[in-house]
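**Q** Mind looking over this structure? Questions follow.
The values are calculated or read from the model by the stated rules, or taken from the named source; none is laboratory data. Since this is a predicted model, take the numbers as computed values, not measurements. Note: ideal-geometry Cβ built from the backbone for every residue, glycine included; neighbour counts use all protein chains shown.
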Amino acid sequence: MTPNLNLWLIPVLPLAGAAINGFFGKKSSRTAVTTVALVFCGAAFAWASVAAARFWPGDVPYQEFLAHWIRSGTFSADFAFYLDRLSLVMMLVVTGVGFLIHIYSVGYMWEDPGYYRFFCYLNLFMFFMLTLVLANNYLVMFIGWEGVGLASYLLIGFWFTKDSAASAGKKAFIVNRIGDFGFLIGLFLLIEHFGSLNFVQVFNQVQPMATETAGAGLLTAIGILLMVGACGKSAQIPLYVWLPDAMEGPTPVSALIHAATMVTAGVYMVSRSHVIFERAPIALTVVAIIGTITAFFAATIGIAQTDIKKVLAYSTVSQLGYMFMACGVGAFSAGIFHLMTHAFFKGLLFLGAGSVIHAVGGEQDMRKMGGLRSYIPWTFLTMAIATLAISGIFPFAGFWSKDEILWKAYQANPIYWVIGAITAFITSLYMFRLLFMTFFGEYRATKVDEHGRLLRAHDQEGHGHSEPHESPAVMLVPLLILALLSTVGGLVGIHNGFEHFLGPVFGPEYEAAARGSGGMELLLMGISLTFALAGAVIAYILYVSKPYLPDRIADSLGSLYRAVFNKYYVDELYAKVFVNPLVKGSTRILWQGVDRKVIDDTVNDAAYGAREVSDEVRHMQSGNLRSYAGWIAAGAAILIAYMVWQGVAR
Amino acid sequence: MVPLSYYLVLSAILFACGVTGFLIKRNIITIFMSIELMLNGVNLSFVAFAAQWHALSGQVFVFFVMVVAAAEAAVGLAVIIAIYRARETLNVDQVNLLKL
C-alpha cells in the first residue's frame, strides 16, 4: 500500500494562486503577482515530483478520496483522484512544461496592463488541467475538461478589446461545446449501462465484455461519442477550425494550452478509455482515420501559411492527428509518448516564435522576417533543435515517438503508414520553411511598421526598434530547458522503454504485442528519416538557395495553391453550411418568429387585453356611494332570487 | 295570532323602502334615516322569529342592533354636522372629492 500522497494539493495549489492573484492582483505590484503565480505553480510541480517519487515504481494504481459529491441511489461520483503511470506522465508534463511557460510569461507579458489577470487565468488553467488528468472518474474529469475550455476561452480572448481576439475566443468555446455534447452523451450511456462513471468500476465491467467485431454495439457508440469530445478538445477534423484562430491569444498561451497540454486532453481521454476502445474496433478505426486524415490535411495547410503562429497551429493539429492515429491502431503508449515529446518541442517552438515576435516588435508575418539568425542566436539555436525534433530527425525527441507511431501504424495497416510518412515529409518541409524564412536570408522588414505593445515597451527601455534584439534571460532559460528535453526526451523510448513503462496501464497483452521489432522497423525508420531529410533539403533549396522558386511554383499551381493558402476554404464552407443557416434561422424563425411574434406578442396582448377590460370595468368604480349601494342591492337581490328559486325547485 | 308571514312581508316592505330611500335620496339626513329604516325592518323580522320559536336570542340580537344603531346615529350625526360646516351642503352628490 502506497503512503498517502496528498494528490489533491497538486491541482489546489495553482487554484490558490489564481484566487490570490484574481482577488488581490489588481492592486499588487508586478513582483508580487509574479511571486504568487510562480510559487504556486512551482509548488504544484514540486509536489507532483515528490508524489511521483513516493509513488514509484507505481505499477499499482493509487486512489485518493477527497470528498463526497453526488450520491443518488446506486450512482455515486466523488471528488477523488487516481494516479497510475499514465496520469503520472501527464501530471509531470503538465506541471513541468506549465511551470517553464509560467517563467517565460514573466518576460513576455511584463509590460501588459493585464499582467495579474494573465497569471490568474494561467494558474486557473493549471488547476483545471490537473483536475482533468488526476480525476478518478469521468465526471471529475469533465469538470477539468470544461474548466480548461473556460481558461482557454479567457486566454484566447485575453486582449478582448481586439475584435478578432474576442471572436476567436468565442469560436473556440462554441466549437468545443459541440465536442463536449458528444462527450456528455457518451457519459450518459456509461451511467445508463454501467451505473457508474468511476474509471475502475466502469473498466471492470467492460473488461469481460466481448469485442464488438460483428457490428456496432454499445461500446462502439460510447467510443465514437467520446471521440467526438476528443475531436473538439484536441482539434481534429471536423472540429479543428478553432485552433488556428486561437492564435489570437498571447504566445505563451498558445504554447501552454494550444500546443503542450490542453489540446492533448483528448488523446489522454481516449487512452484512459482504452479498455472501451479495445473492445470496439469500429470506434478505433474511426479514431485512426480521423487522426490520419487530420495529420495529412493540416500539414498541407501548414505549407502555405505566412503567419509564424498559424504555421505552428496547423502543425499542432497535424501532430495531434499523429497521436490519434497511434491510439486508433491500438498503440496508446506510442500516442502518449508522442504527446510528451510534442509537449516539449511544440512548447519550445511556440515559445521560440514568441521570442521572435518579441524581437521584431510584434510582427508575425514571416515574409517580413528573415536573417534573424545573427540577431537572436539563442532563439535560433533552440528553434532549430525544436525543428529537428518535430521533423523526426535522429536522434531528437520527435524521431523516437513519431517512428514508434509509424511502425505501429504499419503493423495495423500500411495505408496509415504511407500517409503518415508523407505527412512526416510535409512536416519537415513546412517546419524548415519556417526556420529558413525566419532566420536565414536578409532581414526583410524595412522598418517595424506595426507598433505592437512589446515594441513600445522597448522604446521606453531605450532600445532601438529597427534592430531585432534577443529576449531577456527569463525567457531564454525556459527555451534552453525545453531544447534540452526536445533533444534527449525521446531517449526514454529506446528499446520500447516507454511502452514497457506504460505496460501496467494498457495491459499485459498489449505489452507483449509491443515486442518483436526487427529489420522491418529499421527499414521503415530509414524511409521516414529519408523523407524528413528530403523535406529539409527541399525547404533549403526553396527558401535559401533559390528563394524565387516558391512564387513560381505557387503561380504554376494556381488554384490549388490558392486553396491551400486559404486553408481549403473550410471556414468559408462551415460559414455557409452551418453558421449562416443557423444565424438566418435564428434571426427569422427564432427571433422574429418565435420570440417576437409568439412570446413578445403573448405578453403584450395579455397586457393590452387587461387594459381594455379594465377600461370598461373601471366605470363601476365611480366613487359615487349611491351607485355602490345600488350594486350591492342588485347583488343581494340576485342572490336572494337565486336562493328562492333553488328553494322552489327543491 | 298574526301569522309569521305578515311580519316578514312587513319587514321586507320596510327594508325595501329603506333601500329605495338610500338609493334615490340626495339629502344625507334622509339617507341616514333610510338606513335606520332598513335596520328596523330587519329588527322586526328578528323579533317575529323570536316570538314564533319562543327563543330569546332573536330579541337579544335586536337589542344589540339598536345599541349599534344608536352609536352609529351619534357618530353619523357628528360627521354630518362636520360636513355641513365644511361644505355648507347636505347634498351627497356635492360631497364628491374622491370621485373619479
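**Q** Looking only at region A:546-604, which residues are over 26 Å from residue A:178 (Cα atoms) and of a type in the set (Ser, Thr, Tyr)?
**A** Result: A:548, A:556, A:559, A:561, A:602.
**Q** Let me confirm something: among A:70, A:20, which residue is surrounded by fewer than 23 Cβ atoms within 10 Å (Cβ to Cβ), among the aliphatic types (A, V, I, L, M) and touching a Ser or Thr at 6+ places or on another chain (Cβ under 7 Å)? It would help to see each step written out before you state the result.
**A** Working: A:20 fails: touching a Ser or Thr at 6+ places or on another chain (Cβ under 7 Å).
Step by step, each of A:70, A:20 is checked, and only A:70 is surrounded by fewer than 23 Cβ atoms within 10 Å (Cβ to Cβ), among the aliphatic types (A, V, I, L, M) and touching a Ser or Thr at 6+ places or on another chain (Cβ under 7 Å).
**Q** Return the residues of region B:38-49 that are within 14 Å of chain A (Cβ to nearest Cβ) and out of contact with any Ser or Thr (no Cβ under 9 Å at 6 or more places or on another chain); say none if nothing qualifies.
**A** Step one: of region B:38-49, the residues within 14 Å of chain A (Cβ to nearest Cβ) are B:38, B:41-42, B:45.
Once the filter is applied, which keeps residues that are within 14 Å of chain A (Cβ to nearest Cβ) and out of contact with any Ser or Thr (no Cβ under 9 Å at 6 or more places or on another chain), region B:38-49 yields only B:38.
**Q** If you don't mind, there's one more thing I want to ask. Here are A:618, A:596: which of them is surrounded by fewer than 11 Cβ atoms within 10 Å (Cβ to Cβ) and among the charged types (D, E, K, R)? Steps first, answer last, please.
**A** Values: A:596 fails: surrounded by fewer than 11 Cβ atoms within 10 Å (Cβ to Cβ).
Criteria check complete, one pass: A:618.
**Q** Quick one: residue B:62 ticks every box in (1) more than 14 Å from chain A (Cβ to nearest Cβ); (2) free of Cβ contacts under 8 Å to residues at least 12 places away in the same chain; (3) in a helix (DSSP H, G or I) except a single one, so which number is it?
**A** So residue B:62 meets the others, but not (2).
**Q** Here's another thing I want to ask about it. Check region A:614-627 and report whether any residue there is of a type in the set (S, T, N, Q) and farther than 30 Å from residue B:23 by Cβ.
**A** Taking region A:614-627 first, the residues of a type in the set (S, T, N, Q) are A:614, A:621-622, A:624, A:627.
Subsequent filtering for residues that are farther than 30 Å from residue B:23 by Cβ retains none.
No, because not a single residue in region A:614-627 is of a type in the set (S, T, N, Q) and farther than 30 Å from residue B:23 by Cβ.
**Q** Name the residues in region A:426-469 that are among the charged types (D, E, K, R) and modelled with pLDDT of 85 or more, would you? Give the steps one after another, and end with the answer.
**A** Taking region A:426-469 and keeping what is among the charged types (D, E, K, R), we get A:433, A:442, A:444, A:447, A:449-450, A:453, A:456, A:459, A:461, A:467.
A:433 - this is the single residue of region A:426-469 that is among the charged types (D, E, K, R) and modelled with pLDDT of 85 or more.
**Q** Could you tell me whether region A:161-178 includes any residue that is surrounded by 20 or more Cβ atoms within 10 Å (Cβ to Cβ) and acidic (Asp, Glu)?
**A** Looking for residues that are surrounded by 20 or more Cβ atoms within 10 Å (Cβ to Cβ) and acidic (Asp, Glu), one finds none in region A:161-178, hence no.
**Q** Could you grab me the full set of residues in region A:136-146 that are surrounded by 21 or more Cβ atoms within 10 Å (Cβ to Cβ) and within 26 Å of residue A:248 (Cβ to Cβ)?
**A** Within region A:136-146, A:144, A:145 meet the criteria.
**Q** From the list A:93, A:97, which residue is touching a Gly at 6+ places or on another chain (Cβ under 6 Å), in a helix (DSSP H, G or I) and either modelled with pLDDT under 90 or under 27 Å from residue A:483 (Cα atoms) (or both)? Show your work before the answer.
**A** Working: A:93 fails: touching a Gly at 6+ places or on another chain (Cβ under 6 Å).
None of the others qualify; the one that does is A:97.
**Q** Here's something else I'd like to know. With respect to residue B:11, is the statement that it is more than 10 Å from every other protein chain (Cβ to nearest Cβ), assigned to a helix (DSSP H, G or I), exposed (fewer than 15 other Cβ atoms within 10 Å of the Cβ) and among the polar types (S, T, N, Q) true? Lay out the reasoning, then the answer.
**A** Details: more than 10 Å from every other protein chain (Cβ to nearest Cβ): yes; assigned to a helix (DSSP H, G or I): yes; exposed (fewer than 15 other Cβ atoms within 10 Å of the Cβ): no; among the polar types (S, T, N, Q): yes.
So residue B:11 fails the test.
**Q** Only one of (1) surrounded by fewer than 14 Cβ atoms within 10 Å (Cβ to Cβ); (2) touching a residue at least 60 places away in the same chain (Cβ under 8 Å); (3) within 13 Å of chain A (Cβ to nearest Cβ) fails for residue B:31. Which number is that?
**A** Residue B:31 satisfies every listed condition except (1).
Yes/no per residue for (1) touching a Leu at 6+ places or on another chain (Cβ under 9 Å); (2) part of a helix (DSSP H, G or I); (3) more than 15 Å from residue A:169 (Cβ to Cβ):
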site: A:213; (1), (2), (3): no, no, yes
site: A:227; (1), (2), (3): no, yes, yes
site: A:236; (1), (2), (3): yes, no, yes
site: A:240; (1), (2), (3): yes, no, yes
site: A:255; (1), (2), (3): yes, yes, yes
site: A:269; (1), (2), (3): yes, yes, yes
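**Q** Moving on to the next point. Can you tell me which residue is surrounded by the fewest Cβ atoms within 10 Å (Cβ to Cβ) among those in region A:73-90 that are hydrophobic (A, V, I, L, M, F, W, C) and in a strand (DSSP E or B)? Walk me through it before giving the result.
**A** Here is the first cut: in region A:73-90, the residues hydrophobic (A, V, I, L, M, F, W, C) are A:75, A:77, A:79-81, A:83, A:86, A:88-90.
Then drop every residue that is not in a strand (DSSP E or B), which leaves A:75, A:77, A:79-81, A:83.
Numbers: A:75: 13, A:77: 21, A:79: 19, A:80: 21, A:81: 26, A:83: 24.
It comes out as A:75.
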